[in-house]
């Protein structure tokens with residue numbers, strides 16, 4: 001196992017020989033490089049590339065513009081996205097692929113009206129764990145997200161340890177879920193607040209631009 005950046009002499013040599021396949025692969029590896037490094041591993045004689053995903057991958061103004069537009073409309077056509085950010089469609093597509101590979105884009109999701117799924121009530125559960133509870137946040141996260149009612153889980157500082165967003169059919173369903181939460185051996189207290197309305201910004205703030 002080693003950490004490596006594609007050397008420029010190999011890139012230049014491929015250009016001089018007009019070895020387009022090698023040039024494409026070298027460009028691919030070089031494009032994936034980030035400050036934490038690229039790791040190559042040999043497994044059963046097959047070389048595989050593993051990218052260390054970094055929240056601090058190198059981004060420029062065009063990358064930030066792409067991220068902003070995609071947050072506003074994830075279904076936008078690549079041609080229109082390219083026009084919005086001022087680059088060629090092929091360049092735009094490669095930049096989007098790089099952002100996905102580097103972990104800057106975590107995925108694309110469809111926002112569904114909860115009512116069509118029979119969700120009539122949402123709530124936030126503030127959970128305080130027992131002082132000596134021997135459980136990790138990763139384990140709790142897995143166990144809570146395995147429940148169909150749980151939408152998201154937040155680890156907190158302060159009086160409460162966790163904030164859990166849940167979606168249920170009705171008040172009776174919420175009461176049953178609350179009893180399930182309080183019955184856990186690692187939970188000391190649960191405080192539930194009903195959600196009447198949800199509003200959120202389309203894009204995240206950017207402090208690196």
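The values are calculated or read from the model by the stated rules, or taken from the named source; none is laboratory data. Bear in mind the structure is a predicted one, so any value in this text is a computation, not a measurement. A quick note on method: Cβ atoms are made from the backbone with ideal geometry, for glycine too, and the neighbour counts reach across all protein chains shown.
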May I ask you to list the residues in the range 142-157 that are touching a helix residue (DSSP H, G or I) at 6+ places or on another chain (Cβ under 6 Å) and either in a strand (DSSP E or B) or touching a residue at least 40 places away in the same chain (Cβ under 8 Å) (or both)?
-> 150, 153, 155
Residue 178 over 29 Å from residue 69 (Cβ atoms) and part of a helix (DSSP H, G or I) | yes
Restricting the search to the range 72-86, which residues are exposed (fewer than 12 other Cβ atoms within 10 Å of the Cβ) and at pLDDT below 95?
-> 72, 75
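The rows are residues; the columns are (1) assigned to a loop (DSSP other than H, G, I, E, B); (2) free of Cβ contacts under 8 Å to residues at least 12 places away in the same chain; (3) surrounded by fewer than 10 Cβ atoms within 10 Å (Cβ to Cβ).
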| site | (1), (2), (3) |
| --- | --- |
| 100 | no, yes, no |
| 107 | yes, yes, yes |
| 124 | no, no, no |
| 159 | yes, no, yes |
| 163 | no, no, no |
| 166 | no, no, no |
If residue 135 passes every condition in (1) surrounded by 13 or more Cβ atoms within 10 Å (Cβ to Cβ); (2) in a loop (DSSP other than H, G, I, E, B); (3) in contact (Cβ under 8 Å) with a residue 60 or more places away in the chain but one, which one does it miss?
-> (3)
Any hit, the range 126-141, residues being in contact with a helix residue (DSSP H, G or I) (Cβ under 7 Å, 6 or more places away or on another chain) and under 19 Å from residue 196 (Cβ atoms) = no
In the range 185-209, what residues are modelled with pLDDT of 90 or more, over 21 Å from the mean Cα position of the chain (by Cα) and part of a loop (DSSP other than H, G, I, E, B)?
-> 196, 197
